[in-house]
């Protein structure tokens, strides 16, 4: 009898340990923006920019890396010099969020979203944007209104993320000419553009958006 009881206790401990490990492996939930969130590439307050934003959690980190646009968010996953131990990627679901100031609670996992690329809308840094939606119907409605085409995460061409950024005129107080942005070198800071990546043989500069490994 005591042997049976000891066996049941051991089994309970093993199950508890397994459940604990499963919870540890779960992706962290999305954080909400505050004025303290600074864009990883632009070094500006993320909330001051319009359009969809992004956040990336690295394994073992409790705070996300913030991005002023989805383009910047996805560029982080492609650039070879950036960390690859990604635990979670979230972007604003623009089927639920307003363009001028996306509301809290409108995040969607980047790999589950649909994206409109090549539309007439520009992202927070005045660059072409990959506009995310949790529902394909919402993405198709956006594409019908603003042009562009709908693709899944794995179908996003790297050119749409790392390609050259056309010069954009900004209003007063919105000069981003010195802001760092993937695909456009910025003053005082180097970023790989597509041409440089092809010269170095990086696969990130070719084909479609590669499959990002998200680790627990």
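The values are calculated or read from the model by the stated rules, or taken from the named source; none is laboratory data. Owing to the predicted nature of the structure, the values given are computational and were not obtained by experimental measurement. Here Cβ is always computed from backbone atoms with ideal geometry, including for glycine, and neighbour counts include all displayed protein chains.
Computed values, structure above
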quantity	calculated
Residue count, the stretch 80-100 (criterion: farther than 23 Å from residue 140 by Cβ, touching a strand residue (DSSP E or B) at 6+ places or on another chain (Cβ under 6 Å) and outside any strand (DSSP E or B))	2
Residues within the stretch 111-130 that are in contact with a helix residue (DSSP H, G or I) (Cβ under 6 Å, 6 or more places away or on another chain) and either under 15 Å from residue 73 (Cβ atoms) or not in a loop (DSSP other than H, G, I, E, B) (or both), tallied	8
Pairs with Cβ under 8 Å, 6+ apart, first in the stretch 94-108 and closer than 13 Å to residue 31 by Cα, second loosely packed, with under 11 Cβ neighbours inside 10 Å and modelled with pLDDT under 95	none
Single match in 101, 84 (criterion: in contact with a helix residue (DSSP H, G or I) (Cβ under 9 Å, 6 or more places away or on another chain) and over 24 Å from residue 48 (Cα atoms))	84
Qualifying residue in the stretch 69-79 (condition: farther than 22 Å from residue 149 by Cα, out of contact with any strand residue (DSSP E or B) (no Cβ under 9 Å at 6 or more places or on another chain) and assigned to a loop (DSSP other than H, G, I, E, B))	yes
